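The values are calculated or read from the model by the stated rules, or taken from the named source; none is laboratory data. Computed from a predicted structure; not experimentally measured. All Cβ positions, even for glycine, are placed from backbone atoms using ideal geometry, and neighbour counts span all protein chains on display.
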Amino acid sequence: MNEIKSDVIRRRAVYKLKLKYKSKIPDFLRYDWDKYYRLERQERWRRTRGQDNKTRLRVKGFPKPAGVGFRKPKSIRYLHPSGLREVLIKSEKDLDSLNQKADVIVRLSSSLGLKKRLEIIKKAKEMGLRVCGE
């Protein structure tokens, strides 16, 4: 029961941190996305390259360009929504190298077949590790 409570508390803390930093990051949309239907469908950031482009020149009142300064802190950068660190497993050897008490969640490689996948899941359960997408 105590383990479940600590898990819930960790999840909430990670979720709050992620929300806090997500609210500070603007939606990086392609320049002039609202003028052309063709660009509107492409909701991805593309670096502006025009000579007089106001976004590239970082003029006040224009959207901010995507940059390194908008990254999240290292402590929450690659965490699973459960608050645990994800580890990609491609074989049983990778599973053996994990520490049993480590705060990790196991993600199985997409290239694994059903037989190996079931073996690895069984072994992870015996070790007391959590498997995501099982």
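Can you confirm whether segment 73-91 contains a residue that is outside the structural domain of Val8 (by TED's automatic domain parsing) and more than 28 Å from Lys18 (Cβ to Cβ)? Yes, the conditions are met somewhere in segment 73-91. Of all residues in segment 77-103, those that are out of contact with any Gly (no Cβ under 9 Å at 6 or more places or on another chain), part of a loop (DSSP other than H, G, I, E, B) and over 20 Å from Lys115 (Cα atoms) total 11.
The set of residues in segment 36-60 that are over 19 Å from Ile25 (Cβ atoms), under 29 Å from the mean Cα position of the chain (by Cα) and modelled with pLDDT of 90 or more comprises Arg49, Arg56.
Cβ-Cβ distances below 9 Å connect the following pairs, each with a first residue in segment 49-63 that is assigned by TED's automatic domain parsing to the domain that holds Asp27, a second residue that is of a type in the set (Gly, Ala, Ser), and a separation of six or more residues or different chains: Lys54/Gly61; Arg56/Gly50.
I'd like the residue in segment 35-76 that is assigned to a loop (DSSP other than H, G, I, E, B) and among the hydrophobic types (A, V, I, L, M, F, W, C) and, out of all such residues, is farthest from Glu119 (Cα to Cα). Before you say what the answer is, go through the steps one by one.
Just the residues of segment 35-76 that are assigned to a loop (DSSP other than H, G, I, E, B), to begin with: 35-36, 41-67, 71-76.
Now narrow it down to the ones that are among the hydrophobic types (A, V, I, L, M, F, W, C): 45, 57, 59, 62, 66, 76.
Details: Trp45: 41, Leu57: 55, Val59: 57, Phe62: 54, Ala66: 43, Ile76: 31 Å.
Per the criteria, the residue is Val59.
Residues that are touching a helix residue (DSSP H, G or I) at 6+ places or on another chain (Cβ under 8 Å), touching a residue at least 60 places away in the same chain (Cβ under 8 Å) and not small (Gly, Ala, Ser) do not occur anywhere in segment 115-133. Counting residues in segment 65-72 that are over 30 Å from Arg12 (Cα atoms), without any contact (Cβ under 8 Å) to a residue 60 or more places away in the chain, assigned by TED's automatic domain parsing to the domain that holds Val14 and surrounded by fewer than 10 Cβ atoms within 10 Å (Cβ to Cβ) gives zero. Just one residue in the set Leu17, Leu39, Leu95 is in the same structural domain as Ser6 (by TED's automatic domain parsing) and within 26 Å of Ser6 (Cβ to Cβ); that residue is Leu17. All told, Glu43 meets the bar of being of a type in the set (Asp, Glu), over 30 Å from Arg10 (Cα atoms) and in contact (Cβ under 8 Å) with a residue 12 or more places away in the chain.
Taking the criterion of being on the phi < 0 side of the Ramachandran plot and either of a type in the set (Phe, Trp, Tyr) or in a loop (DSSP other than H, G, I, E, B) (or both), the residues of segment 104-134 that qualify are Ser109, Ser110, Ser111, Leu112, Gly113, Leu129, Glu134.
Counting only residues that are surrounded by 11 or more Cβ atoms within 10 Å (Cβ to Cβ) and of a type in the set (Ser, Thr, Tyr), which one in segment 17-37 is nearest to Thr55 (Cα to Cα)? The qualifying residue nearest to Thr55 (Cα to Cα) is Tyr31.
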